[in-house]
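*Asks:* Next up is a structure, given as structure tokens.
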Amino acid sequence: MRETVKLISMEGFEFVIDREAAMVSHTIRSMLTSPGGFSESKDGVVTFPDISTPILEKICQYFYWSLQYSRGKETEFHIEPELTLELMMAANYLHT
């Protein structure tokens, strides 16, 4: 099993993150673990044609923050006001 996954934004920017971090998202978890030979589960690559690079970057940061938080490290997660709406829409899609 792959230890990392690659998330690709609509502009084609690639984020290689720990598989454990990516699994914070229910949607990504389903894509990576679904039976039936989906390309995401085989290749460990998930493309998001509707999520911009700055938003996907913030989502990746959130995945790592969420892991830290679940392990007892309570810190703030800062969200820039100009990213709020687009970030909320992406988070809703990703079930994070």
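*Asks:* I need the phi-derived Karplus couplings for the stretch 86-95: 6.51 cos²θ - 1.76 cosθ + 1.60, θ = phi - 60°, integer Hz, Gly and Pro marked x.
*Replies:* My calculation for the stretch 86-95 gives 5, 5, 4, 5, 5, 4, 4, 4, 7, 6 Hz in order.
*Asks:* Can you send over the solvent-accessible area of Thr4, 1.4 Å probe, protein chains only, in Å² to the nearest 10?
*Replies:* Here the residue's solvent-accessible area equals roughly 60 Å².
*Asks:* Could you size up the charge dipole of the chain around its Cα centre, putting +1 on the beta carbon of Lys and Arg and -1 on that of Asp and Glu, and report it in debye to the nearest 20?
*Replies:* 440
*Asks:* A further question on this structure: When the solvent-accessible surface of protein heavy atoms is calculated with a 1.4 angstrom probe, in what order do His26, His78 fall, highest first?
*Replies:* His78, His26
*Asks:* Then there is this: List the GluC sites (Glu not before Pro) within the stretch 33-81 that fall in a DSSP loop (any state other than H, G, I, E or B) and whose Cβ has at most 12 other Cβ atoms within 10 Å.
*Replies:* Of the GluC sites (Glu not before Pro), the ones in loops of the stretch 33-81 whose Cβ has at most 12 other Cβ atoms within 10 Å are Glu74, Glu76.
*Asks:* Return the long-range amide H neighbours of Thr47 (sequence gap of 5 or more, or a different chain), with a cut-off of under 5 Å between placed amide H atoms.
*Replies:* Under 5 Å from the amide H of Thr47 lie the amide H atoms of Ile8, each far enough along the sequence or on another chain.
*Asks:* Near Lys58, within a Cβ-to-Cβ distance under 10 Å, what is the net charge of the other residues, with Lys and Arg +1 and Asp and Glu -1?
*Replies:* After counting each charged neighbour, the total is -3.
*Asks:* Another one. According to a simple spin-label model (label point 7 Å from Cα along Cα-to-Cβ), what is the distance in nm between Asp18 and Glu86?
*Replies:* Those two pseudo-labels are separated by 2.8 nm.
*Asks:* A follow-up question, please. Give the residue list of chymotrypsin sites (Phe, Trp or Tyr not before Pro) in the stretch 63-96 that are DSSP loop and have at most 12 other beta-carbon atoms within 10 angstrom.
*Replies:* Sites meeting the loop and neighbour criteria: Phe77.
*Asks:* Tell me the per residue accessible area of the chain using a 1.4 Å probe; a whole number in Å² is fine.
*Replies:* Using a 1.4 Å probe on heavy atoms only, each residue of the chain averages 63 Å².
*Asks:* Top to bottom by accessible area (1.4 Å), largest first, where do Glu3, Glu80 land?
*Replies:* Glu3, Glu80
*Asks:* Moving on to the next point. Got a number for carbon plus sulfur as a percent of the stretch 9-96's accessible area, 1.4 Å probe?
*Replies:* For the stretch 9-96, the apolar C and S fraction of the accessible surface comes to 55 percent.
The values are calculated or read from the model by the stated rules, or taken from the named source; none is laboratory data. None of the values given here were measured: they were computed from a predicted structure. We place every Cβ from the backbone using ideal geometry, glycine too, and count neighbours over all the protein chains shown. Areas reflect the complete protein model, heavy atoms only, side chains present, ligands, DNA and RNA absent. Shrake-Rupley method; radii C 1.70, N 1.55, O 1.52, S 1.80 Å.
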